[in-house]
1. Since B:LYS173 meets every condition but one in (1) loosely packed, with under 15 Cβ neighbours inside 10 Å; (2) at pLDDT 90 or above, which condition does it not meet?
2. If I ask for residues that are in contact (Cβ under 8 Å) with a residue 40 or more places away in the chain and either hydroxyl-bearing (Ser, Thr, Tyr) or within 14 Å of chain A (Cβ to nearest Cβ) (or both), which ones from segment B:253-276 would you list?
3. With the condition kept exactly as written, say whether any residue in segment B:190-202 is closer than 19 Å to B:GLY133 by Cα, more than 14 Å from chain A (Cβ to nearest Cβ) and either surrounded by fewer than 22 Cβ atoms within 10 Å (Cβ to Cβ) or not acidic (Asp, Glu) (or both).
4. Report yes if some residue within segment B:110-129 is within 13 Å of another protein chain (Cβ to nearest Cβ), in contact with a helix residue (DSSP H, G or I) (Cβ under 7 Å, 6 or more places away or on another chain), over 16 Å from B:HIS163 (Cα atoms) and surrounded by 20 or more Cβ atoms within 10 Å (Cβ to Cβ); otherwise report no.
5. How many residues does segment B:153-170 contain that are under 21 Å from B:SER264 (Cα atoms) and surrounded by fewer than 23 Cβ atoms within 10 Å (Cβ to Cβ)?
6. Out of the residues in segment A:140-155 that are more than 10 Å from chain B (Cβ to nearest Cβ) and in a loop (DSSP other than H, G, I, E, B), state the one that is surrounded by the fewest Cβ atoms within 10 Å (Cβ to Cβ).
7. Might you let me know whether segment B:256-277 holds any residue that is assigned to a helix (DSSP H, G or I), farther than 22 Å from B:ARG139 by Cα and of a type outside the set (Val, Ile, Thr)?
8. Which is within 14 Å of another protein chain (Cβ to nearest Cβ) and either outside any strand (DSSP E or B) or farther than 20 Å from A:ALA111 by Cβ (or both), of A:ALA56, A:ALA39?
Amino acid sequence: MKEGEYPRARLDCLRREFGDEVLVYDRERNVGHCLNATAAAAWKHCDGKKSAPELAKLLTQQLSTPVSESVVLLAIEELSQARLLVESEKPVRRTSRREAIRAIGVAGAIALPLVTSLVAPTPARAASCLPKQSPCVSSAQCCSGNCNVNSGKCK
Amino acid sequence: MKTLDRLGWAEGMRVYTYGVHAGVRVSTAGMLPQISQLLPPGWKNSRRATMQRLYSLVVAQNGQRAGVRRMHILYADSDRIARDTELDQVLAALETDLHRYVAEASPDMTFLHAGVVGWKGRAILLPGHSLSGKTTLVREMLRLGATYYSDEFAVVDDSGKVHPFPRPLGIRKDSTYAQTNYTAEKLGATSGVKPLSLGAVVICNYKAGARWKPAPLSRGQGALELMANSIAVRNRPQHTLRRIHKLVRSAVFIKGTRGEANESAASILNLLSSGNEQEKE
């Protein structure tokens, strides 16, 4: 197997398991991701050495339900979009959600892989703050963290 | 800072709150009672010599030159953070900055931006951004008999329990950003004292006329929403994730768009009404 040909999970992210789901925090980009059970299982096995059919086989064993290659490709696509995979030199084979659903069929027993992402807020944005153009006397009051002292309004 | 230190300071106070030591000094005597009203709830006097953050308030004096606008100026350490002719505005800036600093720097607690009420011995969290209607919903729940914990921060300890942060509710008048503060007691409610386990997390936004039909969220999705409302997640992500993990062990998560608060408040409280009532306050 060639190095860089197969998907590899980033190891520099923080992770916490919530049942079958995994919450991942990307410290580089300050983004949190929730991986559902299928996406989490796929991500765990992405070590850069396994092909999509091999991953499908592993997931089938782990999740105790048939997992097709289309599902694996969709998981890779979702993980890649969320930037949770190491960028490879060679493009990884991908699929769309629509294609995956078509391949699995509506009666598929497995949940489609899903990655939900939210940006971690700055302290100013996380607490109560004033939106643009509202009156302010201090930058701490503005969601932008920037109060225009001359106009007395949040930038 | 040395320049500031050389100014004449009439009085000051050292405060310990949620594991943070902060100081406030003012150029005019007699202001400390007013300032103590702005401090985070449950503060105590600190005996430490050095403060993590020192606020210096220069109050403009009468009798300065005619034609010159008298400015009250607030510094945090050596940074000027507010300046205005209205003292109330500068004091509001002091309150905002201090509360946020404590929320960010507290070594003991994790602060989430959320309204919190106690109901049937469990905490209900209403995370949300500014102007999402947290205070309105909290107020409505208080009217229905819930106990007040906060309209700003859910304060989570290492065991995953939610502590009160019962600052006065900042109620906005329609279409303005100006707030009037009301204590829970003034609204006919009581403030909670005991830390509570989490019962439910309700993520909602307001839309006039919308019907409250929330959908359940998974625990992972709910935890992600809490992360997105954590004050210190960028500075201490590992610590924050660990606390959220402990917090959400046995909670219900729902998400939806709400219309008027009276409809959704009753429905949310009903979520826990049939639940565990053993942990009564």
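1. B:LYS173 satisfies all of (1) loosely packed, with under 15 Cβ neighbours inside 10 Å; (2) at pLDDT 90 or above except (2).
2. B:PHE253, B:LYS255, B:THR257, B:SER264, B:SER267, B:SER273, listed by residue number.
3. Here is the first cut: in segment B:190-202, the ones closer than 19 Å to B:GLY133 by Cα are B:200-202.
Imposing the further condition that a residue be more than 14 Å from chain A (Cβ to nearest Cβ) reduces the set to B:200, B:202.
Add one more test, that the residue is either surrounded by fewer than 22 Cβ atoms within 10 Å (Cβ to Cβ) or not acidic (Asp, Glu) (or both), and what stays is B:200, B:202.
Looking through segment B:190-202, at least one residue is closer than 19 Å to B:GLY133 by Cα, more than 14 Å from chain A (Cβ to nearest Cβ) and either surrounded by fewer than 22 Cβ atoms within 10 Å (Cβ to Cβ) or not acidic (Asp, Glu) (or both).
4. Yes, that holds for at least one residue.
5. 1
6. It comes out as A:ASN150.
7. In the first step, residues of segment B:256-277 are kept if they are assigned to a helix (DSSP H, G or I); the result is B:261-273.
Narrowing further to those that are farther than 22 Å from B:ARG139 by Cα: none.
For segment B:256-277, residues assigned to a helix (DSSP H, G or I), farther than 22 Å from B:ARG139 by Cα and of a type outside the set (Val, Ile, Thr): absent.
8. Details: A:ALA56 fails: within 14 Å of another protein chain (Cβ to nearest Cβ).
Only one candidate qualifies: A:ALA39.
The values are calculated or read from the model by the stated rules, or taken from the named source; none is laboratory data. Source: prediction; values computed, not measured. FYI the Cβ positions are ideal-geometry reconstructions off the backbone, even for glycines, and counts take in every protein chain you see.
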